[in-house]
Amino acid sequence: MLEIKNLHAELEEDSEVKILHGVDLAVKAGEVHAIMGPNGSGKSTLGYVLSGRDGYEVTEGSATLEGADLLDMEPEERAAAGLFLAFQYPVEIPGVGNMTFMRTAVNAQRKARGQEELSAGDFLKLVRAKAKDLKIEPEMLKRPVNTGFSGGEKKRNEILQMALLEPKMCVLDETDSGLDVDAMKLVADGVNALRDEGRAFLVITHYQRLLNHITPDVVHIMSEGRIIRTGGPELALEVEEQGYGHILEAV
C-alpha cells in the first residue's frame, strides 16, 4: 500500500534545518501502523511530506502509494490517489458551509477518478447516514467548516470527511490532541468503523491512550528524523510505562 524508502526532508526556506534523515516504512493494505516519538522527532513532518504540504523539500528517497510516486504528484493528485491527512489542528473556514465543502471535495475526487458526481440529493442521504454513525448532530453540518467547533467536534468532522472520501491510506496526525476521553472514543470508533482489508492507517501520536481504542498492528518509535525501533502493540505499552529515554539510550 504505502512504501517509504530512505526519505530525507528539510525546511524549504532553510536547508540547514534537516528534519527527516532516512525514513523507511512499509504499510500493507488492511494494516494500522502507529508512529510514536518525543517532540521534534519528525512524526508530523512525515505526514506533511506525504501529503505535499508547502514548506518542505524532499532531498532523497521515495514514497509510493500502490506503486504510484506520491512525491511526483500535486497535493490534490495525492488526495485523488487515495491519501488522506487528518490534521492535529483542523483549520476553520469561516463563510464556507460544511455541507458545501464536503460535497465539493467528494465530487472533485470522484471526477478525478472518472466517476459520476453525486447529485445534491444523493450526497445529502450519504452525509446524513455517515454523520449519524459518527454521532454528529445535523446542525453541525449546516455551520461553516469548523467555525466555533469544539476540539472534539473538529476531529469528528475530519473523520466524517474521511468516511465520505473513503481514502485508501489514512494518516492521522495526533488526532487525540486536546480531546477528552469521551471525544477520543467517538473519534476512535469512527476510525475503527473504516478499517477494512482495502484501507490502511498511519496513526501519529505521543501517547498510548489513543491506541487503547485504535489497536495497531505495528508500532514504530521515531527519533531525530528516523525510525529507530519497531514492534507490536506491546511497544506502545512499554513507552507508556517507561518513557522514551531507555529506547533512545539503546540506539
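Where a number appears in this text, it was derived from the coordinates with a stated rule and is not lab data. These figures come from a predicted structure and were not determined experimentally. When we count neighbours, we look across all protein chains shown, and the Cβ atoms used for this are built from the backbone with ideal geometry, even at glycine.
Across segment 1-130, Cα-Cα pairs farther apart than 27 Å form 31% of the total. Short to long, the 5 Å bins of the Cα pair-distance histogram for segment 95-182 hold 3, 13, 24, 25, 20, 10, 4, 1, 0 percent of all pairs.
What number comes out for the charge environment of GLU60, summing +1 per Lys or Arg and -1 per Asp or Glu over other residues with Cβ under 11 Å away? Intermediate values should be presented prior to the final figure.
Values: positive: LYS5, LYS18; negative: GLU10, GLU57.
Charge balance near GLU60 sits at 0.
Mind jotting down the distance between the C-alpha centroids of segment 119-142 and segment 150-203, whole Å? If we compute the Cα centre of each part, the gap is 16 Å. Using a 7 Å offset from Cα along Cα-Cβ at ASN212, what residues in segment 219-251 end up with backbone N under 16 Å from the label point? Output list for this probe position: 234, 236-242. Highest-first packing order for the peptide set 169-175, 156-162 is 169-175, 156-162, based on the mean count of other beta carbon atoms within 10 Å. Remark: for residue pairs LYS43/LYS168; LYS18/LYS155; LYS142/LYS185; LYS142/LYS168; LYS130/LYS168; LYS111/LYS142, the C-alpha separation exceeds 26 Å in LYS18/LYS155; LYS142/LYS168. Packing around the peptides 180-187, 243-250, taken as the average count of other Cβ atoms within 10 Å per residue, puts them in this order, highest first: 180-187, 243-250.
Strictly greater than 17 Å: what percent of every Cα pair in segment 42-100 meets that? Percent of Cα pairs beyond 17 Å in segment 42-100: 47.
Pull out the extension gain between TYR89 and HIS21, defined as 0.36 nm times the separation in residues minus the alpha carbon to alpha carbon distance; nm, one decimal. Please report the intermediate quantities before stating the final value.
On the way: separation 68, 0.36 × 68 = 24.48 nm, distance 2.52 nm.
Full extension of this stretch gives 22.0 nm more.
Solvent-free Debye calculation, one equal scatterer per alpha-carbon of segment 146-251: log10 I(q)/I(0) at 0.14 Å⁻¹ equals -0.60.
Report, for the chain, the % of DSSP beta bridges that are antiparallel, rounded to 5. Please list the in-between numbers first.
Working: 24 of 41 bridges.
Around 60 percent of the beta bridges assigned by DSSP in the chain are antiparallel ones.
Helix 233-242 sits at what angle to the longest principal axis of the chain, using alpha carbons and giving 0 to 90 degrees rounded to 10? It works out to around 70 degrees. Counting Lys and Arg as +1 and Asp and Glu as -1 over every other residue whose Cβ lies under 14 Å from the Cβ of MET99, the net charge comes to +3. When only alpha carbons are used to place a centre, segment 66-118 and segment 23-57 end up 19 Å from one another.
Each label point was placed 7 Å from the Cα along the Cα-to-Cβ direction; for LEU126 and ASN107 their separation is 1.1 nm. Which values of log₁₀ I(q)/I(0), to two decimal places, follow from the Debye formula for the chain at q = 0.08, 0.13 Å⁻¹ with a uniform point scatterer at every Cα? Relative scattering, expressed as log10 I(q)/I(0), comes to -0.31, -0.83.
If you take all other residues with their beta carbon under 15 Å from the beta carbon of LEU118, and give Lys and Arg +1 and Asp and Glu -1, the sum is +3. Backbone geometry of segment 27-44 corresponds, through the Karplus equation with coefficients 6.51, -1.76 and 1.60 at θ = phi - 60°, to 3J(HN,Hα) couplings of 10, 8, 4, x, 9, 10, 10, 10, 10, 10, x, x, 4, x, 7, x, 4, 5 Hz, x marking Gly and Pro.
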